Each structure stands twice: as structure tokens, then as C-alpha cells.
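See structure below.
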Amino acid sequence: MRQYLADGCRVTATARSEASLVALRGLGASALVLDVASAESVSRLAWQVDNSAFDVVVLAAGVYGPRTTGLQPPTSSDFDAVMHSNVLGAMQVIPQLADALAPAAKLAVISSRMGSIGLRANANGWLYRASKAALNSVLKDASLELAGRAVCVSLHPGWVRTDMGGAGADLAVDASVADMRRTIAALTAADNGSFLNHDGNPIPW
């Protein structure tokens, strides 16, 4: 968001807390209340973005959940929290945004290579992996429904030094975001429905 703002783009961002909304407005963004885990909150989104004609939409909400290292069964509450945020949230938000897209818009969901079945080499964090595989399925369906109107992709941001990624991760946040921005900017209709690395290289489903 900061990089788009620095380039003079008009940015609309969402947050759950009043403090976060104030911070977003302080940076120069238009800020809307949105909790993707709340159907009531999501239901109020469409009228707030009516006629916005977004050129780029990025759905970044997500949680990791329990950091399991094997086939440790998740609790019902952990399953609900992760799947609501990572999967149901996108399934509810994308339809709310469909009419607010500009012609030839670009829509990206922040997924993870941990959701790739083709690259799967261990079961660590298997609830998170399942949620990102499901998110990729949601994105693929959205790409079919929005074909001709928008280019829709799943993006792996890399292993990024965030609260989720940890201090030992490979990429700084600014570098990951810059890569994803370049990838989004270069998207064409041929990329619709793709699963891409932050640098634009394809990732097996």
C-alpha cells in the first residue's frame, strides 16, 4: 500500500480496528472497516465501493493457525478461524468487489507455496496448507467467472520477514511487495487463473 501511495496512486484499504483505520488515513489512503471473518461486515462492503472502478485489487487477509509439525488434529475453533479468514473471507469478499472493478482490472489473492499440492514435501502447518490450497481453488473459480473483465491470480509473496514469517525469513517486506507489484503490473489475459511466485514465475498447483 505504501508503495502505491508513494507512486501517487489512489488507494482504498481496509482494517478491523479504529486505530488501524486512523493509521491508514494518516498515510493517505481511504480506509474502510472490514473484518473478513464477519459475514455482516463483508455484507456492507459493496455499497461502500460502488463505482470505485478499481484497477488493482489485492486480498491479503489471512492467518496461519496452529504451527503443527505432523498430523496433529486441529481443534474446531482453530479450523473455523483459519478457514473463515483464509477461504470463506475471499469467497464472500470477491463477489462484493466484482461490480467495482475497472475494465481489465487485476485481482490477486495472497496465497502461499505451502498451498501447492505439486510441491508438497511435508505436512508442517497442514491446516494452513489446506486453507491456501482451498484459496487457490476459490481464485481459479473467480478467474473463470471474471474472465474478460479481470485477470485473477494467486500470488506467493515469498518467505517474508513479518510476524508470520519470522526474523529469519529470506525477503524484506519492501522487496516482496515491489516484486508482487511488478508481477501484477505485467499481467495479461493469458495469466488469468495462474498461481505465481512473487517474481512472476509459475508455481504448480
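Figures for the structure shown
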| read-out | value |
| --- | --- |
| Sole residue being of a type in the set (Ser, Thr, Tyr), in contact (Cβ under 8 Å) with a residue 12 or more places away in the chain and touching a Gly at 6+ places or on another chain (Cβ under 7 Å), chosen from 183, 188 | 183 |
| Qualifying position, being under 15 Å from the mean Cα position of the chain (by Cα) and over 17 Å from residue 63 (Cβ atoms), among 108, 134 | 108 |
| Residue within the range 80-87 that is without any contact (Cβ under 8 Å) to a residue 24 or more places away in the chain, farther than 24 Å from residue 104 by Cβ and charged (D, E, K, R) present | yes |
| Evaluation of residue 36 against (1) on the phi > 0 side of the Ramachandran plot; (2) touching a His at 6+ places or on another chain (Cβ under 9 Å) (one fails), failing number | (1) |
| Subset of the range 1-10 (residues that are of a type in the set (D, E, K, R) and either part of a helix (DSSP H, G or I) or surrounded by 15 or more Cβ atoms within 10 Å (Cβ to Cβ) (or both)) | 2 |
| Qualifying residue in the range 101-109 (condition: surrounded by fewer than 20 Cβ atoms within 10 Å (Cβ to Cβ) and without any contact (Cβ under 8 Å) to a residue 24 or more places away in the chain) | no |
| Residue in the range 45-58 that is within 17 Å of the chain's Cα centre (by Cα) and either among the small types (Gly, Ala, Ser) or on the phi > 0 side of the Ramachandran plot (or both) present | no |
| Residues that are surrounded by fewer than 17 Cβ atoms within 10 Å (Cβ to Cβ) and aliphatic (A, V, I, L, M), drawn from the range 152-205 | 164, 167, 169, 172, 173, 175, 178, 185, 186, 189, 190 |
| Yes/no for residue 57 being touching a strand residue (DSSP E or B) at 6+ places or on another chain (Cβ under 9 Å), over 30 Å from residue 121 (Cα atoms), in contact (Cβ under 8 Å) with a residue 24 or more places away in the chain and of a type in the set (Val, Ile, Thr) | yes |
| The range 11-46: number of residues that are closer than 12 Å to residue 97 by Cβ and in a helix (DSSP H, G or I) | 3 |
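Read the figures in this text as sums done on the coordinates, not as results from a lab. Nothing here was measured: the structure is a model prediction, and the numbers come from that model. Please note: Cβ atoms are built from the backbone with ideal geometry, for glycine as well, and neighbour counts cover all protein chains shown.
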